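Below is one structure, written out as structure tokens, with a few remarks after it.
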Amino acid sequence: MTALPMPELPGSLPLGSAPALTVNHVTHAFGARKALDDVSLSVPTGSFTALLGPNGAGKTTLFSLITRLYDNRTGRIDVLGHDVRRAPAAALSKLGVVFQARTLDLELSVVQNLLYHATLHGMGFAAGRRRALEVLAQAGLADRAGDKVRRLSGGQMRRVEIARALMHRPSLLLLDEPTVGLDIASRAALVAQVRALVAQEGIGVLWATHIIEEITATDRIVVLHRGRIRAEGAHDAVLAQAGAADVSEAFLTLVGDGPDAGAAA
Amino acid sequence: MSEAPRPFRLSLAGYAICMAGICWREGLRFLNQRGRFLSALVRPLVWLFIFAAGFRSVLGVSIIPPYDTYVLYEVYVTPGLVAMIQLFNGLQSSLSMVYDREVGAMRILLVSPYPRWFLLVSKLVAGICVSLLQVYAFLAVAWFWEVELPPIGYLAVVPALLLSGLMLGAMGLLMSSVFRQMENFASVMNFVIFPMFFASSALYPLWRVQESSLVLWWICTFNPFTYAVELIRFALYGQFNPLAALVVAGCALVFLAASILAYDPSAGVMARRGGPEDAK
């Protein structure tokens, strides 16, 4: 498991050493309920990191803190070396997000949704339109640019959301259970699309899921359960740590309520 | 030796583009919702054509500023109906924010790199722009109903509309931060819109209210909507009402500051109350 030192910061870390994302000793509670408990993890640039955890593990809370929907009160979160609390503009400008809930405006067309996002990142309309057509072509949706979003299938909507997240050329892409509700073919296409982005554009991806089949042997894995990190590292390292033959078995060992669970944490 | 990251700076042009984008999206939504435009127009027109016409002979209006002569009741209620359009529009915009939060679309706005206060102000500006369209459409129809204002009034009212729109929009924004579901918010609208509208100088001058009930007069006097109505009324006749401007500007600042605080990621109600669902 990777243990990250708590940086003695000003607002930003040196670029050369900065991973796409570092989360250091973050604890977050809603009232008396602790949603995250001393969470530390990192996502290197150009890596696909799967954040595995059952429902209620704290994945969405973690995403909310990384995207600064609310502030972390303890610990520190850096995106490309920029502290999300102290330098939110720099951090958020490097960040692309696909939330668990669909966030497209159904009444607008595909390209209008993308253009709106572009302006929220300070990109002009002309440049935004050019970029929108580019990312839609990459997603295989160029022919649907003018369609109202409500006319798209669930899988196409997800691809549009990924295209939207890429509009401002982020260095880190967060995806919160993006394949929920999709059929097998759409799911596979979506995973392949994101993996291609990692390979071709070198962006870091944090992919929250509880679907084991989406993980491959080249991925990094972070297991989150009941607000705590149970394991973090390369695929094989996590399997070795759990003493398991595959990810499915490792996951059950690490998040199970049996005697092994505590040891894994 | 590692290279320090370049300091990130949001340009002024970027701010302008961001605000323009938020206004553009609000405009598109407005155009897509023709029913919203029609109801925004029909509501005050019903008041003007039916209510005001019916009460013309019952409710006489003496000469009070800014009027320099007796005016028909339709003429008297027109500024109040303009303010009503803004009141409904302000809360309608906030209702759409509750909806956006419920379906998750709010997140896309809030993860923009621009400061949250700026994003909220931009949302307010977008709502005010939409309300200006509604107000001028109403005034155009009213003109054919012989509610003819001094030509300068059509221009002089713009700053008054911006200020009152800001106050009413900020009030709605503050309310939208408190309510988590559309149903709750919709019911509150009934408890806010109608009392604010009726307990004001929109339909009858305050001296008339004072004659019939001192308590009601006090309520009307403390109702910020009264000052929005008077600000608009004076502006429509090319005059400036400093007290109304001061009260409206003060309330706008208070409501805006409170709503920015409510949406603040570290101090806001979303951060304190929550759970991931609130982050939508």
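Tabulated data for the structure shown
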quantity	calculated
Square roots of 5 times each gyration tensor eigenvalue, C-alpha, the protein assembly as shown, largest first, Å	52, 23, 20
Calculated FRET value between B:ILE152 and B:ARG208, using beta carbons and R₀ = 30 Å, to 0.05	0.60
Length-normalised contact order for chain B - Cα pairs under 8 Å, 6+ apart - percent	25
Rg in Å to one decimal, and Dmax rounded to a whole Å, for segment B:12-265 via C-alpha atoms	18.3, 58
Over chain A, relative contact order from alpha-carbon pairs under 8 Å, at least 6 apart, %	25
In order through segment A:230-245: 3J(HN,Hα) via Karplus (6.51 cos²θ - 1.76 cosθ + 1.60), integer Hz, x for Gly, Pro	8, 6, 8, x, 5, 3, 5, 5, 5, 5, 5, 4, 8, x, 10, 8
Packing-based exposure ordering (other Cβ within 10 Å, fewest first) of A:THR103, A:THR209, B:THR69	B:THR69, A:THR209, A:THR103
Rounded Å value of the spacing that divides the Cα centres of segment B:139-179 and segment B:194-227	19
Shielding of B:20-31 by partner chains, average beta-carbon count, 10 Å	4
CD proxy at 222 nm, helix term only [per DSSP H run n ≥ 4: -39500 (n - 2.57); per residue of chain B; nearest 500]	-23500 deg cm²/dmol
Estimated [θ] at 222 nm from DSSP helical runs (n ≥ 4, -39500 (n - 2.57)) normalised by residues in chain A, nearest 500	-10500 deg cm²/dmol
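Where a number appears in this text, it was derived from the coordinates with a stated rule and is not lab data. Keep in mind it's a predicted model, so treat the numbers as computed, not measured. Every residue, glycine as well, gets a Cβ built from its backbone with ideal geometry; the counts of neighbours run over all protein chains shown.
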